[in-house]
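Taken together, the values in this text are just the output of simple stated rules run on the coordinates, not laboratory data. A quick note: this is a predicted structure, and the numbers were derived from the prediction, not measured. Here the Cβ is made from the backbone with ideal geometry for all residues, glycine too, and neighbour counts use every protein chain on show.
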Amino acid sequence: MLTETVLASWFCQEAMKEAIRCGKTAQILLEEESRFSPFDLAAWTACVGEPERTVLNAQGQSVAVPADICKMIDENLPRVIVYRRREFEAEAMVRELCKRHNLAVPFMPAIPHPPRAVNVCVIANDATDARCCEQCYVDCGIAMREQLETGCGTSWPSGTTSRRNSRARRNRRVRTTLQRCEGE
């Protein structure tokens, strides 16, 4: 995976050199997302043909990239695959990787969606929880009512009477709010 600092890492450089020595096929996964130190592809391609290419390490120091690694990257840039994290994009990325290298696509079971409503707990400040619960009720309708009225099905450990009392007060406020919403 090609990120901003991977080429500056001695360990990564050694791994790439060994792959080149062994004649392994390279497939570059390119990081583009700004949250994860993206590789500056524009700066890299602008330096093609220069006698020495450098990259910055995590400390901001310039590190020379060996010529054989530069050549390997330049040769494989047309076949680069951008790394993706969203579920449907990640699945497409894996399929493309497998297709390019004649590998069977791994079985990815579908994530089952819950067949019924999901319990929702609202944690809110006492000054604002009534408005929050009102909004939940308006947004989710009657199905949410039972969830809110039962206190979200939360059970507190034994010996936590203040939490139970607080929960009971909150449930009374929620019921009052729901009744007020129904009356409107």
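The GLU18 and ALA90 beta-carbon pair, evaluated with R₀ = 41 Å, returns a calculated FRET efficiency of approximately 0.90. Label positions at VAL80 and LYS99, each projected 7 Å from the Cα along the C-beta direction, are separated by 2.0 nm.
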